[in-house]
1. Kindly indicate the residue of the range 8-25 that is outside any loop (DSSP other than H, G, I, E, B) and surrounded by 14 or more Cβ atoms within 10 Å (Cβ to Cβ) and also modelled with the lowest pLDDT among those meeting that condition.
2. Run residue 101 past the list (1) farther than 16 Å from residue 152 by Cβ; (2) surrounded by fewer than 19 Cβ atoms within 10 Å (Cβ to Cβ) and report the number of the one that doesn't hold.
3. Could you check the range 35-47 and list, in sequence order, the residues that are more than 12 Å from the chain's Cα centre (by Cα) and either surrounded by 13 or more Cβ atoms within 10 Å (Cβ to Cβ) or at pLDDT 90 or above (or both)?
4. Filter the range 56-94 down to residues that are out of contact with any strand residue (DSSP E or B) (no Cβ under 9 Å at 6 or more places or on another chain) and hydrophobic (A, V, I, L, M, F, W, C) and give me whichever is surrounded by the most Cβ atoms within 10 Å (Cβ to Cβ).
5. Yes or no: residue 144 modelled with pLDDT under 95, within 26 Å of residue 41 (Cα to Cα) and not hydroxyl-bearing (Ser, Thr, Tyr)?
6. Which one of these does residue 96 not meet: (1) within 13 Å of residue 22 (Cα to Cα); (2) touching a Lys or Arg at 6+ places or on another chain (Cβ under 9 Å); (3) free of Cβ contacts under 8 Å to residues at least 60 places away in the same chain?
7. Any idea which of 162, 107 is at pLDDT below 95 and hydrophobic (A, V, I, L, M, F, W, C)?
8. Filter the range 107-134 down to residues that are under 17 Å from the mean Cα position of the chain (by Cα) and free of Cβ contacts under 8 Å to residues at least 24 places away in the same chain and give me whichever is farthest from residue 71 (Cα to Cα).
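The values are calculated or read from the model by the stated rules, or taken from the named source; none is laboratory data. Since this is a predicted model, take the numbers as computed values, not measurements. Note that we place each Cβ from the backbone using ideal geometry, even for glycine, and neighbour counts take in every protein chain shown.
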Amino acid sequence: MVCKELKTTNFERLKPKMTTGMCILWRGNFLISEVIRQWTEYSHVSLIVRFNRYPLLKDKVFLIEAYEHGLEFNDLEERLEEEPGRVDLFVPYDLDKWKALTIFKNAFLFLAHNTGYDYAGLFKSAFTHPDRDPTRFFCSEFVDYIWITNGLKRKVNNTLAAWPGDIPKWWDGQLYTIKEDG
């Protein structure tokens with residue numbers, strides 16, 4: 001079973017190192033994921049948030065993700081169990097504890113105000129990279145925007161919203177495999 005393999009391999013080894021501001025890159029095997037991957041290597045991106053100050057939540061890794069109804073708050077381990085395909089962790093090099101703190105605060109402000117989903121940007125993505133829209137997001141646009149507005153430095157300087165596969169190309173950082181295809 002995937003869940004048992006997951007708990008004894010890369011996920012358990014990487015989990016203690018996961019901090020707010022890092023992201024999860026998904027290469028899903030569902031039909032919609034396969035369609036998205038015609039344009040980009042990954043099909044979805046999630047922002048990691050951690051509650052290290054609270055003992056009951058210290059061992060949990062949570063995600064803020066853009067879906068069709070807007071931003072959602074999810075548990076990473078539950079998502080890993082339900083999502084087939086490859087999953088990678090991306091760690092931006094210039095993420096520090098101060099940037100992580102502002103990312104945490106700002107990500108939850110967006111979540112609380114539920115800005116909606118960027119359907120226009122997603123549609124435009126079928127043809128070209130859309131401009132970033134700070135009023136509503138698709139998944140990688142949210143992570144990209146949160147990083148930019150909280151002081152992380154992008155390698156690629158433009159006003160375009162990143163596709164999921166652009167994250168490791170447009171940002172300096174390290175990529176780690178959490179779960180292999182399967």
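1. Initially, the range 8-25 is screened for residues outside any loop (DSSP other than H, G, I, E, B), giving 8, 10-17, 23-25.
Next cut, surrounded by 14 or more Cβ atoms within 10 Å (Cβ to Cβ) only: 10-11, 14-15, 23-25.
Working: 10: 85, 11: 90, 14: 94, 15: 94, 23: 98, 24: 97, 25: 94.
Going through the qualifying residues, I end up with 10.
2. Single failed check for residue 101: (1).
3. Here is the first cut: in the range 35-47, the residues more than 12 Å from the chain's Cα centre (by Cα) are 35-41.
Scanning the range 35-47 gives 36, 37, 39, 40, 41.
4. As a first pass, look at the range 56-94 and keep what is out of contact with any strand residue (DSSP E or B) (no Cβ under 9 Å at 6 or more places or on another chain): 56-59, 77-78, 81-82.
Cutting the leftovers down to hydrophobic (A, V, I, L, M, F, W, C) gives us 56-57.
On the way: 56: 7, 57: 12.
This residue is 57.
5. Details: modelled with pLDDT under 95: no; within 26 Å of residue 41 (Cα to Cα): yes; not hydroxyl-bearing (Ser, Thr, Tyr): yes.
In short, no.
6. (2)
7. Details: 107 fails: at pLDDT below 95.
It is 162.
8. Looking at the filtered set, the residue picked out is 122.
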